[in-house]
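Have a look at the structure below, then the notes.
The values are calculated or read from the model by the stated rules, or taken from the named source; none is laboratory data. Note that the structure is predicted; figures quoted are calculated from it, not measured. Positions of Cβ are generated from backbone atoms using ideal geometry, with glycine treated the same way; all protein chains shown enter the neighbour counts. Heads up: the accessible areas ignore ligands, DNA and RNA and are worked out on the full protein's heavy atoms, side chains in. Shrake-Rupley method; radii C 1.70, N 1.55, O 1.52, S 1.80 Å.
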Amino acid sequence: MARIAGSSGPRTEEAIRRAGLKLIATHGYAAMSLRQLAAEVGIQQGSLYNYFRNKQEFLFDLIRGHMLDLHAALDAALLPEGSAEARLTRFTEFHVAYHVERAQEVFICYSELRSLEPDNLAAVVAMRRDYERKLGDILDHGCATGEFRLSDTRMATLAILAMLSGICTWYKPGGRLSTDGLQAIFTGMVLALARGGETQAVPVPARRRGVLRAGIG
């Protein structure tokens, strides 16, 4: 979040950010009050306005900052060149590690999209689309070189991201799998999907079609 002239500095700004993440993760954006946020940091409520103008701007700054960090970290992690398989491996390893290490922020960025006002939501969705495109470009390149066999790279992109991003909802540090273990397992699954060849859609019995359509968002 951008610091407004007269505020007390980056240490307080970072404390506000950490406290906001904790409160939103615990109570949700709608239930979190600025009074709670100020109390958590140990400052007067009015001091918060040195850092943001209102609660909506605070949420947008949190999510936008997360997306900027995500893009920058991915760009640093990806190989500038090389085979599509090597780049897909690097993408998967990065995505898994990032979502384990920053699970709280990732969770908020998914669960609180609904709380963003239209203009802010559009900006975040555009950043998400850019991230998806980076994976899609790897898959397209792999299909063009013959490394991958996918009949629909857009669907594969969304499927891979859904599988990998779900980690933050169930993974618990200290369990039987380390981050390295998760990376190895998911990399194997993603590469198997990409190499697997064209798949045929399974016909849906007529009696079930209405039920399935009702569940599509």
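Assorted remarks:
- Anisotropy class of the range 45-116 from Cα gyration tensor, a/c 1.5 cut: prolate
- Additional length obtainable on full extension of the chain from residue 170 to residue 122, 0.36 nm per residue less Cα span: 14.5 nm
- Gain on full stretching of the segment that runs from residue 131 to residue 73 - 0.36 nm per residue minus C-alpha separation: 19.7 nm
- Cβ-derived FRET efficiency at R0 45 Å, residue 185 paired with residue 36, nearest 0.05: 0.70
- DSSP-assigned coil residues among trypsin sites (Lys or Arg not before Pro) in the range 36-85, each with at most 15 further Cβ atoms within 10 Å: 53
- Qualifying GluC sites (Glu not before Pro) in the range 44-128, where qualification requires a DSSP coil assignment and no more than 13 other C-beta atoms within 10 Å, comprise 81.
- The largest accessible area among 90, 129 belongs to the first residue in 129, 90, and the rest follow in falling order (1.4 Å probe, all chains).
- Cα extents for the chain along the principal axes, largest to smallest and rounded to whole angstrom: 60, 47, 37.
- Annotation: per residue accessible area for the chain equals 56 Å², rounded to a whole number [probe 1.4 Å, protein chains only].
- Among the protein heavy atoms of the chain, carbon and sulfur supply 53% of the accessible surface, probe 1.4 Å, non-protein parts ignored.
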